[in-house]
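The values are calculated or read from the model by the stated rules, or taken from the named source; none is laboratory data. Values in this document were obtained by computation on a predicted structure and should not be read as measured data. Methodologically, a virtual Cβ is constructed for each residue, glycine included, from the backbone with ideal geometry; neighbour enumeration extends over all protein chains shown. These area figures cover heavy atoms from the full protein model, side chains too; ligands, DNA and RNA do not enter into them. Shrake-Rupley method; radii C 1.70, N 1.55, O 1.52, S 1.80 Å.
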Amino acid sequence: MGQNGAFMGVSKARGTPLTPVTEQEDFVVGLYSSLDSVTARVLERLSREECVVPSCRPGCCHCCRFHIQASMLEIHVLAQFVKRTFSRDRIRGLRLRTRKWHEWDQSRPGRGPAAAARATAELDRYEPCCPMLIRGRCSVYPVRPMVCRIHFVQSEPSRCLAATRMTSSTQAPVTISAMAVAAQPFSMRLKAYVEAGGRDFSRSIVLLPHGLAMEMAWDFALSP
């Protein structure tokens, strides 16, 4: 972390102070670093001993179309990264994508009597995905949530795409369950940190686009 000027809250190009690093960021970024080291070792062992290799590759982003849940603590870290490293134009684009996701979410069946009225031809064509996704790449990859860091599959990517579209005729993706096992101690550390601050961890878990809008204080954010 210390080698990255942006993480330290200083622009290398201008030497000007940016969004300061919070205590919460220090904790979560350190947790992510340790988790990444553990998952790398687990993947290496699985490949060597069981010939299990993830089919996930750069540019494969079907899992980014799932409903991604994360704690508000993780979303705080993600939002800090956005404020620190995104230009105004990139933040504007992120806000538009996040708002579009909210409009789609609120237009789905069962969202109330006004849902049908909110549905438009534009939303019918909308492919819901994480607003952090830009041209098939995660724009906040260094601070992606824990659930994203441990999601690996050994099945064909087409299964992941089918799962996002609920295509019942296609088999579900085969996840590498060892990743979730390896992440369990880190999940517990995250839970303990949140609860030490007086919050109910389970109530801090939200869908990423909802949490992002709240953390960025955008006017379309839902009430916490």
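Listing for the model above:
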| quantity | calculated |
| --- | --- |
| Subset of the stretch 1-44 [modelled with pLDDT of 50 or more, surrounded by 14 or more Cβ atoms within 10 Å (Cβ to Cβ) and touching a Gly at 6+ places or on another chain (Cβ under 9 Å)] | Leu18, Thr19, Val21, Gln24 |
| Pairs with Cβ under 6 Å, 6+ apart, first in the stretch 13-28 and more than 16 Å from Ile75 (Cβ to Cβ) and part of a loop (DSSP other than H, G, I, E, B), second at pLDDT 90 or above and open to solvent by less than 50 Å² (accessible area, probe 1.4 Å) | Leu18/Arg84 |
| Members of the stretch 58-105 that are in a loop (DSSP other than H, G, I, E, B), of a type outside the set (A, V, I, L, M, F, W, C) and touching a residue at least 24 places away in the same chain (Cβ under 8 Å) | Pro58, Gly59, His67 |
| Residue list for the stretch 136-161, restricted to those being among the basic types (Lys, Arg), surrounded by fewer than 20 Cβ atoms within 10 Å (Cβ to Cβ) and at pLDDT 90 or above | Arg137, Arg149 |
| Among residues of the stretch 46-66, those that are closer than 18 Å to Met132 by Cβ and surrounded by 12 or more Cβ atoms within 10 Å (Cβ to Cβ), counted | 8 |
| Residue count, the stretch 169-204 (criterion: more than 25 Å from Gln154 (Cα to Cα), surrounded by fewer than 17 Cβ atoms within 10 Å (Cβ to Cβ) and among the aliphatic types (A, V, I, L, M)) | 3 |
